[in-house]
Amino acid sequence: MKGDREMAAPATPEASSPVIEPWNRPFRQRIPRPASASAGSPAPWSGLPICERRSIGLDRAVADLSELLLPVSREPEPRPQAAILVTLFERDGDALTALIRRPLSMASNPGDLAFPGGRLEPGENAAAAALREAEEEVGLRPETVSMLGRLPAVSRSRQSESVVPYVGVLAGEPSFRACPGEVDAIIEVALSDLAGEDSYWEEEWHVQGSGSRSLCFFAHQKALADEVIWGMTARVIRDLLSFVLLHERSGVS
């Protein structure tokens, strides 16, 4: 289902910055950007002709990812704290993925866009945790998901946690169902929109006493309206698109 984009007023960033041109406008999500933020690296795929990014079908995505993803049977080491599920499905020839918007009432990352997922339970493997959380949060039954593999683990810096993204292919268009209290909306977005011109940027955040860190962002006026994908979720999408567009694996874990 499509996300209800009228449930909350867009939040204004704490500091405006030329870093985010041409996206120097209010987004729904609150971005705690420090005034010292500076421009980061361009999109890894920025050198590709736009025609190579314009049409990313499911068959193309699956073929490229199958060669590069780490196998599901290979458990990540060390054991991660959490796992997420990156779904892929097709509509009108385009490969799409689904994100959830976290409710504003949540203590952690309120209002942010994320992939379905959560913490591992005692004795549970990471792939099972990703599937369980996806069923709880968006009503996706595990038997409808063909697990393709996993991306390299990413770090959720504020909690110092390791998170493993699994990629799952859906046969046909899914019928998602948002879990009340845990999911504010479900937003479906095409990979080709996220790979489009000016959809992606990076920022270097310089925080006194904490050093510098690089953050990833995605925005697309047609596909995402006033939403912005940032932080860990954006980094996972960057890795996914690098696999598909550049046939590159950025790391192994």
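I'd like to know which of Gly196, Gly209, Thr233 lies farthest towards the positive end of the charge dipole of region 193-241, counting +1 on Cβ of Lys and Arg and -1 on Cβ of Asp and Glu.
Of Gly196, Gly209, Thr233, it is Gly209.
Given Cβ point charges of +1 (Lys, Arg) and -1 (Asp, Glu) and nothing else, what value in debye, to the nearest 20, does the dipole of region 127-253 about its Cα centre take?
Roughly 460 debye for region 127-253.
Residue-wise, which Karplus ³J(HN,Hα) couplings in Hz belong to region 93-103, taking 6.51 cos²θ - 1.76 cosθ + 1.60, θ = phi - 60°, and x for glycine or proline?
In residue order, the calculated couplings are x, 9, 7, 10, 10, 10, 10, 10, 9, 6, x Hz.
Would you mind calculating the gained length between Ala128 and Ser66 on full extension (0.36 nm times residue separation, minus the Cα-Cα distance), in nm to one decimal?
Between Ala128 and Ser66, full extension yields 20.4 nm more.
Please list 58-66, 30-38, 234-242, 134-142 highest first by mean number of surrounding beta-carbon atoms within 10 Å per residue.
The densest-packed peptide leads the list: 234-242, 134-142, 58-66, 30-38.
If you place +1 on the Cβ of every Lys and Arg and -1 on the Cβ of every Asp and Glu, how big does the dipole about the Cα centre of the chain come out, in debye to the nearest 20?
420 debye
Among Ser146, Ser155, Ser212, determine the one that fluctuates most according to a GNM of the chain built with springs between C-alpha atoms less than 10 Å apart.
Ranking Ser146, Ser155, Ser212 by mean-square fluctuation puts Ser212 first.
Between Ala127, Ala190, Ala225, which gets the highest mean-square fluctuation from a Gaussian network model of the chain, Cα cutoff 10 Å?
Ala225
Provide the gained length on full extension for the span Arg141 to Ser212, in nm with one decimal, where the gain is 0.36 nm per separating residue minus the Cα-Cα distance.
21.5 nm
Readers should treat all values here as calculations from the given coordinates under stated rules, not as data from a laboratory. All values derive from a computational prediction rather than experimental measurement. Don't worry about glycine lacking a Cβ; one is built from the backbone with ideal geometry, like all the others, and counts go over all protein chains shown.
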